[in-house]
Each structure stands twice: as structure tokens, then as C-alpha cells.
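After the C-alpha cells below, expect a handful of questions from me.
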Amino acid sequence: MLNKPLISILTLFLSFQLYGQDLADISFGTDSTFEVVTWNIEWFPKNGSITVDSVSKIIESLDVDLIGLQEVDDSTLCRQMIDNLPGYELFMDNVWFGGLAYIYKTSSVSVQSIYKIYDTAPFWNTFPRSPLVIELVFNGETFILINNHFKCCGDGLLDFDNPADEETRRYEASTLLKEYIDANFNSSRVIVIGDLNDIITDLPVNNVYQMFIDDSTNYAFADMSIAIGASSEWSFPGWPSHLDHVLITNELFTEFSNPNSEIKTIMVEDYLAGGLAEYDLNISDHRPVGLKIQLTPTALSLVENSNSNVKIFPNPTNGYFSIDLGETYNAVTITITDLTGKVIQSSTYNESQLLNLKLEEPAGVYLLMIESENKETLIRLIKE
């Protein structure tokens, strides 16, 4: 049996191990993936400057490309917070529509347009907060994101005869969203995010998202694995229930199955000394849910030129390799990308036949594009 002093020492040691990390140690984003986080931030700022300071640290540490927020109460303070975070921009409509906002990383996201849908009086019962759409480009690929905050509460039962029924309002909101996506983005990469205020595991008779679930050819809840998993991983721990969802269209199915793609609830409380109680007191009652997508670049659709005279050796390489072009070119551009399409290095060489190059990236598979005049050759480069 352990004596009391030893038990005390072990308790202190375990406490240090658990809380020896802080908000600066959170991580999620990578350079080679597209990351989207949905986060109900519970009427920001929940606890004044403490909330602002904490949320700022979380955003910086997450290092993701895009965050969709719900329940931003003080838009001025939120703008000031993002203004003090280099490399990020905030969008909030000047007209109140329920505290929806986007925070995005300017180095990786190029915003094409941001607008509301279903924002007129006939839709106010269905959408108490008008959905916020952002069209953006990431690594040359276009994405459509729709940020939502559905009506809360209810008894868990759909009552179509009662227009005030909370479940019915969420069912109608889901139906209208699907109609909008089907009509306007039927071949686009679409991600629907938000606090949708209902569970996705209800039986069909009362499932407010059944129209998406039934259309499994075109839609999937990326967070279904969270919903059917342990309750400790759910996004709304106070109930507990899983209410914050990420819905993707079939244009993302293959990419979501890539090895580095993932969906997870981000357990911020693990980085606070006071755990979940401190998180709920100072930050929010909802945990953020993050989607990470390893893209399959358009370049992969190019036919690799197996008849080309170009040779790379050694391949696989330890980093140093040579390219034998097979003939002398007046100018040739060599571009190396990773499998997401991100350009690693690119250089143009004049009057070259044999080139010696170095790849300083980690081990993995890369794409090497050789362009000269009207010729293009795509070769897979493997670094061991």
C-alpha cells in the first residue's frame, strides 16, 4: 500500500502532467490541409476581457484556415480582437442577424463573396438567424461554406401541424438549405456548419436532418463518427449532446477519406487548469468542432506522361536528385507541389538538359511538374 506522502507526490505529479500545458499548446491546422472549425462561442464575450484573451490565444494556436462562429454578441470587441491577430480577418454583417461570423486566414484563403440567404420576413420563423454563405478559394480550389445557428430547444418530436414547433422549424430549415444547395451548388464543394441544435442520430420519424441522411449519394455528416461515439467527445457537454455539425457534399467524399483528413471535437478544456468548469465560465458552453481535409489537387487529374524522355534519378530520393530532360530546352520551369497542390518550390532554368535539385521537405509523395513551351510532364517524386 502507498503511504500518504507518496500519494501526495503522485497527485502533484499527475496534476503537473495534466495541466502543464496551456492554450498555446492547442494545435489542429497544418500547412497541407484545409481546416474549418465551427464554434458556438456563447454570446461572446462571456466573461469580458478574460474571454477575449482566451479566445485570441485559442484562434492563434488552432492555426486553422477558417472558423465559423455563432453567438457573437459584441461585434466591436470581436473585431478589435481579430485586428490584434496578424494574418486573420473577420467578417460580420453590420445588420444584426444572430451573431454569425467568419474568421479566416488571409495567407491561405481568398474570399470571393460573403452573403446571407433566406433573410427576408417569410423565412424568419424557420431561420431566426439568417444563414451566412462564404465562397472562397483555397490552393486554387473553390469551396462554399454555409454557417448556421438553428432554432434551439423542443421536446424531440416533430409536429408538422404546429409552425412554432422547434423540431419542425429545424426540419424546415434543413429542407430549405438542401433545396438551395441542390439548386445553386450541385457540383461544388459545399460544407454546411453550425450549431444546428439537434442530434443527427434520432430515428427517422423525428430526425430533422433526414432529408440529408436519405440522400447519402450527395450528402454526409462528416461528424457522424462523433455523434455515435462516446458522449465525452460531444460538442455540448452540459447536456450532454452533440449539436454542432459539419455536413459535406459528395464532391468532398473522396478527400474526406484521405489519410490526413479528420473530424474531431477540440477539447479546449484539456488545456485549462480548471478544466471544463473554467472553459464554461470564461469561454463557452459549446466546444469547437474541427474538420481537416487533405485535398486531392486538380493537378492529379493530369495524365502522367509515361512516354516522356524525362528521367528522374534516384526516385525515391533522400532529398538530392537529378532530372535528365532528354534534350536541351531554351527554358524549362520545374514546380514541386505536395498532394494538396501547395507549391513547395518553383524555378525556371535556361538552356538546361541535366538539372540537379534538392527537396528539403519531409518524407512523402510529391508532384513534380515540368513545363516547357507547349509541353507538360507530371511525375511523382518520392522522398524516403
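Read the figures in this text as sums done on the coordinates, not as results from a lab. Every value quoted in this text rests on a predicted model; they were computed, and no experiment measured them. Every residue, glycine as well, gets a Cβ built from its backbone with ideal geometry; the counts of neighbours run over all protein chains shown.
Hey, which lysines would be in cross-link range of Lys375, C-alpha to C-alpha under 21 Å, not counting anything within fewer than 8 residues on its own chain?
Lys311
May I pose another question? What number, rounded to the nearest 500 deg cm²/dmol, is the helix-based mean residue ellipticity at 222 nm of the chain, given -39500 (n - 2.57) per DSSP H run of at least four residues and division by all its residues? Show your work: numbers first, answer last.
Values: 8 runs with 80 residues, N = 384.
Value at 222 nm, helices only, nearest 500: -6000 deg cm²/dmol.
Per-residue counts of other Cβ atoms within 10 Å, averaged by peptide: what ranking do you get for 344-356, 184-196, highest first?
Peptide ranking by packing, descending: 184-196, 344-356.
While we're on this one: Compute all pairwise cysteine Cβ distances in the chain, then list the cysteines with no distance under 4.7 Å to another cysteine.
Cys78, each lacking another Cys Cβ under 4.7 Å.
Please list the non-local residues whose amide H lies under 5 Å from the amide H of Val246, H modeled 1.01 Å from N, same-chain partners needing a gap of 5 or more.
Ala222, Asp223
Give, as a single signed number, the net charge of other residues whose beta carbon lies under 13 Å from the beta carbon of Asn40, with Lys and Arg counted +1 and Asp and Glu -1. Don't skip to the end; give the middle numbers.
Working: positive: Lys46, Arg129, Arg287; negative: Glu42, Glu71, Asp73, Asp195, Asp244, Asp280, Asp285.
Summing Lys/Arg as +1 and Asp/Glu as -1 gives -4.
Highest first, please rank the peptides 119-129, 166-176 by the mean number of other Cβ atoms sitting within 10 Å of their residues.
Order by mean packing, descending: 166-176, 119-129.
Give me, ordered by chain and number, the residues 5 or more places off Phe127 or on other chains with an amide H under 5 Å from its own placed amide H.
For Phe127, whose amide H was placed from the backbone, there are no distant partners under 5 Å.
Okay, next question. Aspartates and glutamates near Lys116 by alpha-carbon distance under 15 Å, same-chain residues fewer than 8 away left out - which ones?
Asp93, Glu135
Oh, and also: Would you mind listing how long the chain runs along its three principal axes, going by Cα atoms, in whole Å with the largest first?
That gives 74, 67, 42 Å along the principal axes, largest extent first.
Arranged from highest to lowest average of other beta-carbon atoms within 10 Å per residue, in what order do the peptides 281-290, 258-267 appear?
The most tightly packed comes first, giving 281-290, 258-267.
Can you give me the angle between helix 4-19 and the longest principal axis of the chain, using Cα atoms only, in degrees from 0 to 90, rounded to the nearest 10?
70 degrees
Kindly flag which residue pairs out of Lys342/Lys383; Lys178/Lys264; Lys178/Lys342 have an alpha-carbon separation exceeding 21 Å in this structure.
Lys178/Lys264; Lys178/Lys342
Count the net charge of all other residues whose Cβ sits under 12 Å from the Cβ of Asn260, scoring Lys and Arg as +1 and Asp and Glu as -1.
Spelling it out: positives minus negatives among the neighbours equals -4.
Give me the angle, in degrees from 0 to 90, between the Cα long axis of helix 166-184 and the longest principal axis of the Cα atoms of the chain, rounded to the nearest 10.
Roughly 20 degrees, rounded to the nearest 10.
Sticking with this one: Amide H to amide H under 5 Å from Val37: which residues, 5+ apart in sequence or cross-chain, H placed 1.01 Å off N in plane?
Amide H neighbours of Val37, under 5 Å, 5+ apart: Leu66, Ile67, Gly68, Leu291.
Whole-Hz ³J(HN,Hα) for each residue in the stretch 365-371, computed from phi via Karplus 6.51 cos²θ - 1.76 cosθ + 1.60 with θ = phi - 60°, x for glycine and proline: what do you get?
Whole-Hz 3J(HN,Hα) from phi for the stretch 365-371: 9, 10, 10, 10, 9, 10, 10.
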